[in-house]
Structures are given as structure tokens and as C-alpha cells.
Amino acid sequence: MEMVRNAVRSVRSIHYRQLATQIISLGMIVTSALIIWKGLMCVTGSESPVVVVLSGSMEPGFQRGDILFLRMTKDPIRAGEIVVFNVDGRDIPIVHRVIKVHERQETGEVEVLTKGDNNYGDDRLLYAQGQLWLQRHHIMGRAVGFLPYVGWVTIIMTEKPVIKYILIGVLGLLVLTSKE
């Protein structure tokens, strides 16, 4: 409790100029992160260059909590590639392997069928109602690399929002109470 009182006293003693400097610094950090994210989007060609594996459907290749790095090119998608895709009506992208590629002769469109390595059947039950194949616009990117277990931070903060708010509060206090 004493730590909280000291933090409150410290916040009260901040001069307005120092507070403005710290708010501007925080804004620069957030802006820098956004610029880096947008730069990664341009370099990788993917709307989401980094994703976290949220389920065990790709085990043993990828574990829950692994971070995947994505890239999207104009090259044709091949069976065996690991892709991340969005399904109409779902907010969370899915990481699975392409098991079939189907090219429509009349239009030249390429459609793919996916499956989780650890799942029994293909993903048609996950697709939108009546959808049998994924089109190119559903695919966010192809996995080109990964970092094991680093994504657990994201999973914990998503599943336990209280931890996220505590962490944000502590970081905010540290920014406001730091002396230059």
C-alpha cells in the first residue's frame, strides 16, 4: 500500500512541463510501433506480418504460443504450404496447411483447401456456410519463420484481461513517475 501512496505523491509532484514531455515521449513510442508495423506490412505484402498460434491444431509443427512470420507474394499457392487465412464471419485468423489446390479452368481462379496437421478432417467445417474452398483474398500470408513460445504473452493477456490492465497501469505509472 505504501508503494501506491508513494506513486500517487510522485505523480502529484510532477511539473506540467515534465508531464507534457513524458506524454509526448509515450506518443512517440506508440507512433514508432505503428510505423514499424506498417513498414513490415509493406515489406512482407501481408496485412498481418506476425501472428500467434492460438490452438494446438498444427502440433507437432507449431505449438500454441508460437509466433509466425508471414509473407504474401504473387507466387501460386502450393499444397504443403502453411498459410494463415481469415474466414468470412470470424475475427480470428487460422493457421493451417494447404492440402489441395484447385484451379478453375473457366476463370483461372485458384482455390485451396486447408487442414490442421493435428486435426482429423479438412477445414470445410470452419469455412463460411456453403463455402468449400478458400480464395486468394481469404489468405493473409504464408508462414516463412517462427519463434517458439514467445506468443504466450499475447495469449495470457487475451485470456486474462485483468493482467493486461494491471500491466498497462504499472507501465503508465512507471512512465509518469520516472525522473529525467
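The values are calculated or read from the model by the stated rules, or taken from the named source; none is laboratory data. All values derive from a computational prediction rather than experimental measurement. With ideal geometry, Cβ positions are generated from the backbone for all residues, glycine too; neighbour counts draw on all protein chains shown. To get the accessible areas, we keep the full protein, side chains included, count just its heavy atoms, and leave off ligands, DNA and RNA. Shrake-Rupley method; radii C 1.70, N 1.55, O 1.52, S 1.80 Å.
Look at D91 and say whether it is acidic (D, E) and either open to solvent by 10 Å² or more (accessible area, probe 1.4 Å) or without any contact (Cβ under 8 Å) to a residue 40 or more places away in the chain (or both). In short, yes.
Scanning segment 145-163 for residues that are surrounded by 15 or more Cβ atoms within 10 Å (Cβ to Cβ) and more than 19 Å from S55 (Cβ to Cβ) yields a total of 0. Just a yes or no: is a residue in segment 139-155 of a type outside the set (D, E), more than 16 Å from the chain's Cα centre (by Cα) and at pLDDT 85 or above? Scanning segment 139-155 turns up no residue that is of a type outside the set (D, E), more than 16 Å from the chain's Cα centre (by Cα) and at pLDDT 85 or above.
Here's the yes/no breakdown for (1) over 18 Å from V144 (Cβ atoms); (2) assigned by the TED database to the domain that holds V112; (3) open to solvent by 100 Å² or more (accessible area, probe 1.4 Å):
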site	(1), (2), (3)
E2	yes, no, no
T21	yes, no, no
G39	no, no, no
D66	no, yes, no
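Among the candidates V84, V101, the residue that is assigned to a strand (DSSP E or B), in contact with a Gly (Cβ under 7 Å, 6 or more places away or on another chain) and β-branched (V, I, T) is uniquely V84.
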